[in-house]
Structures are given as structure tokens and as C-alpha cells.
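Note sheet for the following structure.
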């Protein structure tokens, strides 16, 4: 059923004070809560709910929790727990009075993300940009130049080795057979565990011949259980069939094959090499990020699967920027990974970082140097906004996590902008106070006698 409509709480409560009466109205989070247009989400997401059933939780509450989660690097559990103790967070999520009980279970956030999906989730990023536009923090002049780059969003998986994956697949097959009451000739519980342990020990000791022998045992145990299940259960259910298919991929894939399986619970994971010295291979998906050259607003982000060539992603990234912001970019600055693109895509001039300084004017060189400013933005998205390790499941989870990380980054920029305005206003008041004190002191000096240091005494005294 469609989300609950907030109750009419305009009238005062006899026993409680409203949050807007007891909170600091100059607090950046308080100000930002009043600047975001929350009705946009209710109109956009209202069509995703049925007309029957139990009323869903308020849309502002769910959207606000997603904003706060990625802005302050919280998990689903911790953001709900902090909501209960932070009145500013409660006001940001649409509450008029302080609440003392948890309004939802953290699992409700998971179900809400599945309902919304990655396409509709872009509306959260678009609203952060619209809020910046309304506050004139993001203007059309910012969109004159944008920087585009790609990075890797890693998945939460253990480092994939063939022996570990094969051992885990055998354990899952044995468990699935036990749950369904399917008899097996042998489970290889003790033998498989010992073979995996000895393989890791031999590999650590650089005794690779012995390690490969133990790894072969692990693979053989998986093959025996796999073939046993195929004989006993020729028509398995969907869950067991998917598990058997993944086991077959592990048994047939070779060391240097493409599109290998790196995780059983996340088969969409890819092995990507970005040429890093400290991390040769990363396991996840590629993410395209677009930022403004001026002030570093994130105006586009998209998770890309199947490890596409960077140059083939630029056109889609520029289209997304136009769709989210409403203004197209005049110039796009990219690195050498985008070779092969034309010098102009639509109305956007593409500048590839292959030219020398001697062939450019000082102004052009300044903007080329500015392209590297996207790198710390990507670093902040990973370290501060939950894009370093993706905990959301599936390809949709990859796309939504990247979008929400960008939302968290833009939200923190808005909070810093509001805080800067507050400091600016305090400085203005300070200057007024100092000028008033200075004026008062000058008037006091005027009424003093030139030959005396004390003020004039009354003649009647």
C-alpha cells in the first residue's frame, strides 16, 4: 500500500515541545531539511506502491535515512539506531516531535531499495543537485567544464582462490542436499577441509607441487558430489539448479579464462586491473564518475558491468549529466584511458590528456591540471561515503550503492556550504559589533577635555 501520510501536527502538543522550537535554526542540517523538496519523492515513488495492503512507511523517512547513511558513513543498523538519539536527524526525516522508539527495522531499508530500483534512485542524486541550484551553489557556469573518470567499486568478497571456491561450493551442495533430504554417497566433510588446509600451508611454504596436489583433491571432491547430485536428482528446483550451474563453472574454468567465477554469492563480480602498484587486481565493477571542474560537484555516476573500455562509457556519462542537471557540459576533460573518442560528442568538446604543456595556452593548461581534481573526489566517495566495499547484493546493488555514495558526497558539500554561510554571517555580526564599539569609543574620546584624561565633570558637582 502507498506510504503513510504524515499526521497534521501543526497544532501544539500539551506535553511536548516541537522540534523546530527547541533546535538551533541555524544548524546546517536543520536548514537543509527545509531546502530539500521532499514532495518530489512522494510524487515519483508513489506509483511504485499498490493500493491495497498495509500502509508503507513515510517516503521522507526512507529517503532521509538513505541520505544520512551515506553522508555520515553508517550502516542500515547504525543509521536507525542514531536516528533514535539525534533530534536533528529526526527533524531531517520529517518528525515534528522527538520520538523514543525505533520507527522501523533496518531490514525495511533493504526492501525499500529493492522496490525503488537503480533507475528511480537517480532521483535522490538529482534532488541534491536541484537543492544546490536553488541555493545558487551550483550554477550554469559550473557546467561549462566537467571531469570524467572511472574507478572500481569493490564487492565484499574474500580473495578468490580456486581451492577456496571449490571447497565452499561443495559445502553448499552438501547443505542443499541435506535440507532437501537427498542422500549422498559421501559428503567429504573431513577430507575436504583437510585438503584445503594443507593446500594453503604448502602454498605458504612455496611447496607448489604439493599444494597443487591438494588443490586437485579439493576439486575432485566437488566433482564427486556434483555428479552424485545429478544422478540422484535429475530435475532439481531453481535454487539447487543455480548452485549446480555455478559448481559446473568452477569445475570447467581454467586459470587464464575470461569471465571466470570469483564468488558464489556474488557471481556478477569481475576481476579488474587499473594498474595500481599496491593493488594489482580488484574484484567488483567499474564505476564512471563525472564532476564539475569548478567546486567538484558530482553531476553523474553510473556502475558499469562487463568491464567496458573507458572510451565507450563517455557518451553515456555525458547523457546522464544532461539528464540529472538539465544543463549540458561544454567541455569534458578525460585521461588517456578514453583514447579513441572523437574531439566532440554532441555539443561537448572532449579534451584528452595527451597534449604537452608547450602546445597549450596557460588558461588551457590550468584546466587540464584541474582534471586531476576528480581523483580526491573518488577517494572521498570510497573512504567517507561507503563506496570502498559494496555490501548491496546483485548488479542493482552495485548501481544503487554508487548513486547513494554520490548523494552522500553532495549532501556533505551542501552542509559545508550552509556552515560557511553561517560563519560568514557571524563574521558580519562581529564586524558590526566591532564597528559599534569603535564608534562608541570615539564618541567617548570626543567628550573628554584635551588636557585631562578623565571625562568632564558636571559644573553643579
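Quick note: the coordinates plus some simple rules give every number you see, no bench work behind them. Quick caveat, the model's predicted, so the values are computed rather than measured. Because the Cβ atoms are built from the backbone with ideal geometry, glycine has one as well, and the counts that use them run over all protein chains shown.
Let me make sure I get this right: for the range 162-252, a, b and c are the square roots of the gyration tensor eigenvalues over alpha carbons, sorted descending. Under 1.5 in a/c it's rounded, otherwise prolate if a/b > b/c, else oblate. Which is it?
Values: a/c = 2.75, a/b = 2.17, b/c = 1.27.
In terms of gyration-tensor shape, prolate.
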Worksheet item: Which distance in nm do the two modelled labels at residue 220 and residue 357 give, with both placed 7 Å along the Cα-to-Cβ direction?
Response: 6.4
Worksheet entry | Alpha-carbon spread of the range 28-93, three principal axes, descending order, Å | 35, 27, 18
Discussion item. If packing is taken as the average number of other Cβ atoms within 10 Å across a peptide's residues, how do 243-251, 422-430 rank, most packed first?
Written reply: 243-251, 422-430
Worksheet entry | Full-extension gain in nm, residue 180 to residue 330, via 0.36 nm per residue minus C-alpha separation | 47.9 nm
Worksheet item: Going by how many other beta carbons lie within 10 Å of each one, how would you line up 131, 26, 354, 59, fewest first?
Response: 354, 26, 131, 59
Practice prompt. Calculate, in nm to one decimal, what residue 4 and residue 365 gain on full extension: separation in residues at 0.36 nm each, minus their alpha carbon distance.
Written response: 124.5 nm
Worksheet item: Ordered by packing density, taken as the mean number of other Cβ atoms within 10 Å over each peptide's residues, highest first, how do 233-240, 153-160 rank?
Response: 153-160, 233-240
Worksheet item: What length, rounded to one decimal in nm, is gained on full extension from residue 242 through to residue 102, with 0.36 nm per residue of separation minus their alpha-carbon distance?
Response: 46.6 nm
Practice prompt. Can you tell me the 0 to 90 degree angle between the C-alpha axis of helix 374-384 and the longest principal axis of the chain, rounded to 10?
Written response: 80
Worksheet item: How much FRET efficiency would the formula 1/(1 + (r/R0)^6) give for residue 206 and residue 256, where r is the Cβ-Cβ distance and R0 is 30 Å, rounded to 0.05?
Response: 0.90
Fill in: With Cα atoms, 0 to 90° folded angle of helix 394-446 axis to the chain main axis
20
Worksheet entry | Prolate/oblate/rounded label for the range 202-286 (Cα gyration tensor, a/c 1.5) | oblate
Worksheet entry | In range of the label at residue 393: residues from the range 248-262 whose backbone nitrogen is under 19 Å from the point 7 Å along Cα→Cβ | 262
Discussion item. Can you match percent of Cα pairs over 39 Å apart to one of these, (1) 43; (2) 19; (3) 31, based on a calculation from the structure here?
Written reply: (1)
Fill in: Mean Cα-pair separation over length for the range 51-174, i.e. relative contact order, pairs under 8 Å, 6 or more apart, %
17
Worksheet item: Taking the Cα atoms only, what angle lies between the long axis of helix 59-71 and the longest principal axis of the chain, rounded to 10 degrees?
Response: 90
Discussion item. Using only the Cα atoms of the range 87-136, what are the Rg and Dmax in Å?
Written reply: 14.3, 38
Discussion item. Using the Cα atoms of the range 1-128, I'd like the radius of gyration and the largest Cα-Cα distance, Dmax, both in angstrom.
Written reply: 14.6, 44
Discussion item. Students often get this wrong: which residues of the range 93-114 have the backbone nitrogen under 11 Å from the point 7 angstrom along Cα-to-C-beta of residue 16?
Written reply: 95-101
Worksheet item: With the contact rule set at Cα under 8 Å and sequence spacing of 6 or more, what percent relative contact order holds for the chain?
Response: 20
Worksheet item: When you count, for each residue, the other Cβ atoms within 10 Å and take the mean per peptide, how do 40-53, 384-397 rank with the highest first?
Response: 384-397, 40-53
Discussion item. What is the distance in Å between the Cα centroid of the range 281-324 and that of the range 202-230?
Written reply: 41
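For the range 238-330, what class follows from the C-alpha gyration tensor (a ≥ b ≥ c being the square roots of its eigenvalues): rounded when a/c is under 1.5, otherwise prolate if a/b is larger than b/c, else oblate?
prolate
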